[in-house]
Each structure stands twice: as C-alpha cells, then as structure tokens.
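A short write-up of the structure that comes next.
The values are calculated or read from the model by the stated rules, or taken from the named source; none is laboratory data. Nothing here was measured: the structure is a model prediction, and the numbers come from that model. Cβ coordinates were reconstructed from backbone atoms using ideal geometry, including for glycine residues, and neighbour counts include every protein chain displayed.
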Protein chains: 2
Amino acid sequence: MADEIKTKATMEKIVSLCRRRGFIFQSSEIYGTLASCWDFGPLGVELKRNIKEAWWKDMVQTRDDMVGLDSSILMHPMVWQASGHLKNFSDPLVECKKCQKRYRQDELEKQECPSCGGELGEPRQFNMMFKTYMGPIEDSSAVVYLRPETAQGMFVNFQNIVTSTRKKLPFGIAQMGKSFRNEITTGNFIFRDREFEQMEIEYFVKPGTQDKWFEFWVNERFNWYKKLGIKPEHLMLRQHCKEELAHYALGCTDIQFYFPMGWGELEGIASRGDYDLTQHANASGKNLKYIDEEAKEQYLPYVIEPSAGVDRGVLAFLCDAYDEDVADGEARVILRFHPRIAPVKAAVLPLSKKEPLATYARDIFNNLRKDWVVQYDDTQSIGRRYRRQDEIGTPFCITIDFQSLEDNQVTVRERDSMQQIRIPVAELKATLAAKLAGEPISQGRAVWKTGEK
Amino acid sequence: MADEIKTKATMEKIVSLCRRRGFIFQSSEIYGTLASCWDFGPLGVELKRNIKEAWWKDMVQTRDDMVGLDSSILMHPMVWQASGHLKNFSDPLVECKKCQKRYRQDELEKQECPSCGGELGEPRQFNMMFKTYMGPIEDSSAVVYLRPETAQGMFVNFQNIVTSTRKKLPFGIAQMGKSFRNEITTGNFIFRDREFEQMEIEYFVKPGTQDKWFEFWVNERFNWYKKLGIKPEHLMLRQHCKEELAHYALGCTDIQFYFPMGWGELEGIASRGDYDLTQHANASGKNLKYIDEEAKEQYLPYVIEPSAGVDRGVLAFLCDAYDEDVADGEARVILRFHPRIAPVKAAVLPLSKKEPLATYARDIFNNLRKDWVVQYDDTQSIGRRYRRQDEIGTPFCITIDFQSLEDNQVTVRERDSMQQIRIPVAELKATLAAKLAGEPISQGRAVWKTGEK
C-alpha cells in the first residue's frame, strides 16, 4: 500500500527544514542534546498552538456536550495503582550479561543480537512511568509519578465535574497537556518521544449506547484531520483485532497517517466500558455512579476515549503539507498548510525599504497583526521573499509597490496557486478573512491572475 | 498598608467558589488529594487560557521584537549545573532527631518548634529540583531533573533562534509552560505549588542599554495587569535592595498583588547582565556571542527577565474580581472579570423551554458560540440564572422572551451595572463585539436602562 502513495517528504528534509527555519530544535543542543526531547521554536510553537487551538475550539468550545479540564502532571500514586499502570504499564527488557545494556524483548526478536555478542539474561518487566519523590525525603512514601497519559485526570475528576457543571449524559471531558513515558525505543523525530503532549477526550455515555458513540467519534475524529487539510490518501483507519484488545476493551480503532517511515498511529479511539470508573470507585471507596434522573437509575457510565498525540499531529501536518515544485524556473519548497494551521497567516512585503513606502507598508502590517500572526519582510528580492514565505507555509503575501501610494491598492499573492489579485487596501482585511476562512481563491470581487511579477 | 485596602475576597470564599463552580479542584481528591497540586476545571481552564492567551498576544504576537518558544520540561543535566541550580537552588533543612520530620530553617525561626518537642539537628542543604531517571537504569548517568523554571530553555536556544529568525538586538524570547519545585513550605491555595505554570521573557539587549530596557519592562508588565482590569490599589512595585540581589544581578523589581493573605509576588523583573549566557558558553564550550553587524562587534547580550506565575495570575484575577452586593433585594456574588479574562463571554437565557422560543434561542446561541465561549441556560427563574452567571463573571446575559419572536429583539443585560438594552438580533453580534472589546456600556445606538426585569 505504501508504494502507491506519492509524497515528497522524507524525514531528512523535514528535520532539516524544521531546524533551519525554527520549527523544531533538539532539546539542550549546546550540551549534545537530550534524547527524545524536543523544543518548538518560534514557528513550531505557533504551528503546535494552532493545532491545539483548532482541537479545543472544535471539540470543546463549540460543543454542548463537552467541558475542558487541565489537571496536574503529578498525581496521587493510588491513581496509577487503580488504573493498572503500576502493574501493567511496562516493557519486558532483557539484559546482556557481558555489556549490561538492556533491550526490549519484542524489538530484539525483530533485529540482530546486541553488537557485543554477549549472552542475554531472562526478560524482566520495566515500568515506563518516570518516578520522582515529593517532599524532602526520598523514601517509598514520597514516590510520585509523571503521568503517562492525561486520561486519568478526567476519570478522577468525573464526580467533581458532574456536580459543578450539572452536565447530563452523554457528555465528555477534554484535556490537552504533557505526558511522559520512559520509552526504551524512541525515534523518528517527534513521532515517539519520552516527553510529549496529548489531546484526550473521555466521553461518558449510558451503557448500551457505546457502539453508536464509538462509531460517531471514529468518524468525527477522522473527518477532523481531513477538514484541516490532511490528504485522505494519507489517512486510514485500523481496527484492532480481538487479540490486541485489553481484557476490558470493547473495541479500538486507530487513525493512521502515512509518515515518511510508513503508516503510524496518529490517534486511537477506544471503547473502554466502565473499566476506569470501576477501578477508581473500588480503589477510592467513593461512589462514582452517575444519577440518571430521567431513567431513575444509578450506574457507572461507559466511556469512549479519542486520544490524540499533539507532536504526532505536528509531524503529520508538516509531512502532509510538504511539497516541492518549480516557480518561474526556480525550485521551491512549499508547506501547503491549511490556513487555520499555518503559523504565519500573511506576510507584508514592501518593494523598497525607503520612505514613504516603508511607513505605508508598516501601517498595513500593524493593522493586520491585530487579528493575525503576520510577518514583515523587506530584505532581498521579492522572489526570494516569496520563497521564504512558501517554505514556512504562509498562505498569503501582500506586496506593496510605489503604485500603492497612488491608487491605495496592494497585490495579494496566494501560496499554492501563485495567483495574484490587486485590491484596495480598504478591502484587504475582509478579503484575507474570507480567504483564511476557506473561500476559494478564484472567488470574490477582484480577479486573480496567474504568474508572478 | 494592608488595612487601608478594601477587599471582600477571603481565601475561604475564593476556594469554596472555585470548587463549587468548577474553577479549581484539588488534585486526586478522591484519593485524599495530592498536596500542592491543583486541577483546573471547566471554568478554570478557560480562565487560565484567557490569561495566557492575552499574554501571548500582547507580548509575542503583536510585538516585532519578540518570538515564542516551547522547550521541553526535561533538559540535559548540564543545563542545571551551568545555571547554578544544582549547587544553589536549595533550602536549608533541619531534622528533628526524635520524629525525623524536616523543616525549613528560615521558617523555623519564625514559628514554634516542632510539636513533638524533639531536638533539632544541624541544617543541611536540600535541592528543590525534582529528580528522575531517563532510560531503564537508575544510576547517576541517567539522572534528569524537571525544570524549576522555563527560563533556561530560552538561554540554551539563543543561538538557534538568532540563526533561524535573523532577529536583531534588542529582541526577546517568550515561553509559557509548566515548572516544578519541590518546595517544603507550600500553601495559600494556588499561590505556592510544587507544580505550577510560568510565563517568562528573556529580553536580550546590547550591554549599556540594560537600565533603559529594565525600566521599560517594569512599566510594560505593571501596566499589563492594570489594562486587564486589576485595580491599581491592589498592585505595587517592590524594588529589591542590594542585599537581596544575587551577585550577578544588576537589579530586580517585583510586581506585587494584594492577596487575601497580604502582599505577594505576582511577577519579578530582573536585570541579569550576561550571567546566564556566560555560564552556558563556558559550560558548553559553544560561542554564544551575538554578531552585531552594524557596530561590527561581537558580544554576549545582557538580559532583562520579566517572569510571571500563571497560577498566581489566576488567583490574583479571581481575588481582584471578587465582589458581593445586593441586586433587587437579593445578595449576589460577582466576579467582575475584564471581558478578555472572563471564562464565559455571554449567556443565552430563553424565558421558556417551550417551542418555538427554544429553537429561536438555540439559533442565536449557535451563532454566538462560533466566536465566543457562550453558555445556554434555560432552567429555573431568570433571576437565579443571572446570579449563576454573575458568580462566574459572565459579562453579558442575553434574555430572549416571547416578544422576541415578534419584534426580533433581545435584551442584553450587563453584569456590573445590571443595565439592560433591547436591541435587534441583527445587531447583537456587533454590539457584543464592541462591548467585549471595552466600549463603555452607555455608548452605542441603543439606550441602556437600569434595574432588572
């Protein structure tokens, strides 16, 4: 299947572009880097923010049946005992008796033996939660863990949220935030990190309705990626077979993306029954049942969990948007981001640094940046400046020339088609707003022409 | 000084309101809570987001001289050796020889001896960074720390950012994110936590210009809180005296807020010279000098650091907004949030649940929520619903009655003045936009009247 899909993105190209233009740097680079941790630079932080903001707006703020949460990374250790993470969130590791290096058993089976050629010991379970101590004394009573998922924050707050918001089933709790997993095998740039960010929903439903809602959320989330511009041929659903499911799970479907290294999970939607609330009710001794006033019943709701990785989302949007073509005889790299995702929405490019053009252009720039992230660039040729904006995915460039001073018109150039229109400055903001909201380029009062100046 | 300031907020009232209405819950409450960690509920997460978004927009997106960053929480341990945190970020603790409890020395001097009455040992230094191990082996080579501040992420990325953005001095790097400090003495609700969030700027300037920029940032940040509605009498500047300053610091001024427990630091602005870049240049062996092409010089820039606590900001905005008064003979609690900060911008309140009023009101609600966080409430009396919205700080309530079906007009009621206007539905969005942006209530086409229906 992978062979059929055309993509110009390779991991080398993406990593290099990300570093050169300030999307993503390796953590602590001046000290030789810290493995599997990454820093989002000036463009990367805006890209990541846009993905998170789109998710928050679409999944929380414009839905009646969803509320937000921001729970802490450090939680009571009983949370992880009840959830099963302390016992089961582990990888089997085998140690080389000669060099003492440790390897994941399932990885070893796929690859060569350790390079030193030493004999391997018996596999032992290694928990993937990061452990630390709270308070001044490092003893077992002070152990806390960095959360390996944001999900448990939603479960332990279920009753608090029902009480304070008076929400009725079905409804969900959504949360974005950092999680940490001490993975042995990391890699593929920001695909599998030890520190990463999640966007998770726990959607609580009346038992018996879970299949309908599971299907709803699989479709809702799949369509969300398409709506934000991911090419349909780069997405697929993968249903877990029975053998892959945890004992309590009723079903699980992954949304996969075609990354440069192959298909990989972008998001998982799981039908978890009442497993988590049951575990926490038993471990805490608290009544976590929902009181259904209409049906005059009390029960533990069932849960559908759409769980997405933010960093994987960033990587998917980058890879999907990556393109190369030739413009006016010159090779260019373009990130064809959806306008909602693009870190910079427009660039203001005066043809000269001289006055009065500079002040004229600055005024336009200052007006636009009240509403959007906009760049101002007045160095080098206009062609070079277009290339620089194409490479970071800016959907629109606004060129200001000497004629603008006379007719109060500017040229708007569109990234993907390279079409240009000349419009009155008074119409610029409304035109940009319409185009950024997705109006076709060809539509509108002004006529777009092909080719660059 | 504290006696002169009038405030109706007490910590008990704030904590209770926050829990009842879903602003802030204690972490892991069903397991007896985890000390000094807090979860932001549905309203709290929006309040916190609004504060962070206002900071990001005002400090990063609308400034030419600022870029954003989102660096990882786990960093290379050399970062903390170079920064001085490994050696100096510690509290002196004394242990009771009888009960083995540990106490901060400076706190002990202020209060009673430990309750058990045992003899105290010699003070020992206790580092406040949380320590964990990365990778499968828990030995000294695997130690990493949770960052105690976001600031060092900006310093170690200084050269990456200069190279990728081509920024010229003076310019700043800004970052929001979680930090962790294993404080011995925590408390006062979300004022001093072990897990907390920061909004920090490192502003790099040419040596010799630091005093001008220090003054600029002290004013800029002080005015930011006032602009977002904090009462001037609840704010003051506190300049650190020479004895309080670190050996390398050129100056430090705190922005203090009058919390219920007294004046406390909300933000610190420090003039740090080239201390941090010097330390990292020496420890890493990398050249971190800035190439000043105009002056044809190379030098390490000086740094001004405005460092704010997000959680303290949330608490300050809550306490400052808290008010009680009497409306139509009934006591009410009001959070007088600035519209930019308010978690819910408007509430749509139909006078009846019946059709066709319900569909009519729903349409208005669905239209408004495309742009803002809006609530829909159709239960209990209109007075009760106003009280509920006042208590969470919603600036505007939109009441829809049976006459609305005939004249296509709705009543907009303002939280603080309780003034009401009746306006055409067609003008609702523009009116709300103007009022939310800060237009005086009395201004506009429609006339506001006093008193509630």
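Confirm whether A:GLU294 is more than 30 Å from A:ASP416 (Cβ to Cβ) and at pLDDT below 95. Yes, satisfied. Would you confirm whether any residue within region A:298-313 is exposed (fewer than 13 other Cβ atoms within 10 Å of the Cβ), free of Cβ contacts under 8 Å to residues at least 40 places away in the same chain and assigned by TED's automatic domain parsing to the domain that holds A:LYS178? Within region A:298-313 (the criterion being exposed (fewer than 13 other Cβ atoms within 10 Å of the Cβ), free of Cβ contacts under 8 Å to residues at least 40 places away in the same chain and assigned by TED's automatic domain parsing to the domain that holds A:LYS178), the answer is yes, since at least one residue qualifies.
So which residues in region B:363-385 are buried (at least 16 other Cβ atoms within 10 Å of the Cβ) and more than 13 Å from every other protein chain (Cβ to nearest Cβ)? The answer is B:ILE364, B:ILE382. Within the set A:GLN81, A:GLN125, the sole residue that is more than 9 Å from chain B (Cβ to nearest Cβ), in a strand (DSSP E or B) and not hydroxyl-bearing (Ser, Thr, Tyr) turns out to be A:GLN125.
For region A:179-212, residues that are assigned to a strand (DSSP E or B) and out of contact with any Phe, Trp or Tyr (no Cβ under 7 Å at 6 or more places or on another chain) total 7. State whether the residues of region A:61-76 include one that is in contact with a His (Cβ under 6 Å, 6 or more places away or on another chain) and of a type in the set (A, V, I, L, M). No - not one qualifying residue is present in region A:61-76.
Going by the structure shown, is B:GLU107 in a loop (DSSP other than H, G, I, E, B), away from chain A (no Cβ under 11 Å), within 22 Å of A:GLU138 (Cα to Cα) and not aliphatic (A, V, I, L, M)? Spelling it out, it is not the case that B:GLU107 is in a loop (DSSP other than H, G, I, E, B), away from chain A (no Cβ under 11 Å), within 22 Å of A:GLU138 (Cα to Cα) and not aliphatic (A, V, I, L, M). Scanning region B:129-173 for residues that are more than 7 Å from chain A (Cβ to nearest Cβ), modelled with pLDDT of 95 or more and assigned to a helix (DSSP H, G or I) turns up B:ALA151, B:GLN152, B:MET154, B:PHE155, B:PHE158, B:GLN159, B:VAL162, B:THR163. The single condition among (1) at pLDDT 95 or above; (2) touching a Cys at 6+ places or on another chain (Cβ under 9 Å); (3) crowded, with 16+ Cβ neighbours inside 10 Å that B:MET176 does not meet is (2). Within region A:263-317, the set of residues being more than 16 Å from A:ALA151 (Cβ to Cβ) and part of a strand (DSSP E or B) comprises A:TRP263, A:GLY264, A:LEU266, A:TYR290, A:ILE291, A:ASP292, A:GLU297, A:GLN298, A:TYR299.
Hey, does region A:15-23 have a residue that's aliphatic (A, V, I, L, M), in contact with a helix residue (DSSP H, G or I) (Cβ under 9 Å, 6 or more places away or on another chain) and either over 27 Å from B:GLY41 (Cα atoms) or facing chain B (nearest Cβ under 8 Å) (or both)? Within region A:15-23, one or more residues are aliphatic (A, V, I, L, M), in contact with a helix residue (DSSP H, G or I) (Cβ under 9 Å, 6 or more places away or on another chain) and either over 27 Å from B:GLY41 (Cα atoms) or facing chain B (nearest Cβ under 8 Å) (or both). Among the residues of region A:347-362, is there at least one that is more than 18 Å from A:LEU428 (Cβ to Cβ), surrounded by 19 or more Cβ atoms within 10 Å (Cβ to Cβ), more than 14 Å from chain B (Cβ to nearest Cβ) and in contact (Cβ under 8 Å) with a residue 24 or more places away in the chain? No, region A:347-362 has no match at all. When the test is whether a residue is assigned to a loop (DSSP other than H, G, I, E, B) and either in contact with a Pro (Cβ under 7 Å, 6 or more places away or on another chain) or of a type outside the set (Gly, Ala, Ser) (or both), B:GLN100 passes it. In region A:359-373, the count of residues that are at pLDDT below 95 and more than 25 Å from B:LYS57 (Cα to Cα) is zero.
Every test in (1) surrounded by fewer than 16 Cβ atoms within 10 Å (Cβ to Cβ); (2) within 22 Å of A:ASN157 (Cα to Cα) is passed by A:GLU233 save one, and that test is (2). Residues that are within 33 Å of the chain's Cα centre (by Cα), within 14 Å of chain A (Cβ to nearest Cβ) and either over 26 Å from B:HIS240 (Cβ atoms) or of a type outside the set (Ser, Thr, Tyr) (or both) within region B:259-282 comprise B:ASP276, B:LEU277, B:GLN279, B:HIS280, B:ALA281, listed in sequence order. Restricting to region A:51-75, count the residues that are among the β-branched types (Val, Ile, Thr), surrounded by fewer than 18 Cβ atoms within 10 Å (Cβ to Cβ) and more than 9 Å from chain B (Cβ to nearest Cβ). Residues in region A:51-75 being among the β-branched types (Val, Ile, Thr), surrounded by fewer than 18 Cβ atoms within 10 Å (Cβ to Cβ) and more than 9 Å from chain B (Cβ to nearest Cβ): 0 in total.
All of A:CYS96, A:CYS113 fail the test of being farther than 30 Å from A:PRO395 by Cβ, out of contact with any Phe, Trp or Tyr (no Cβ under 8 Å at 6 or more places or on another chain) and either of a type outside the set (Gly, Ala, Ser) or surrounded by 15 or more Cβ atoms within 10 Å (Cβ to Cβ) (or both), apart from A:CYS113. Check B:ARG388 against each of (1) surrounded by 15 or more Cβ atoms within 10 Å (Cβ to Cβ); (2) modelled with pLDDT under 95; (3) of a type in the set (D, E, K, R) and name the one condition it does not meet. Status for B:ARG388: all satisfied but (2). A:GLU265 meets the conditions (1) under 24 Å from A:THR10 (Cβ atoms); (2) at pLDDT below 95; (3) of a type in the set (D, E, K, R) in every case but one. The failed one is (2). Within region A:31-43, being within 7 Å of chain B (Cβ to nearest Cβ) and either surrounded by 23 or more Cβ atoms within 10 Å (Cβ to Cβ) or in contact (Cβ under 8 Å) with a residue 60 or more places away in the chain (or both) holds for A:LEU34, A:CYS37, A:TRP38, A:ASP39, A:PHE40, A:GLY41, A:PRO42.
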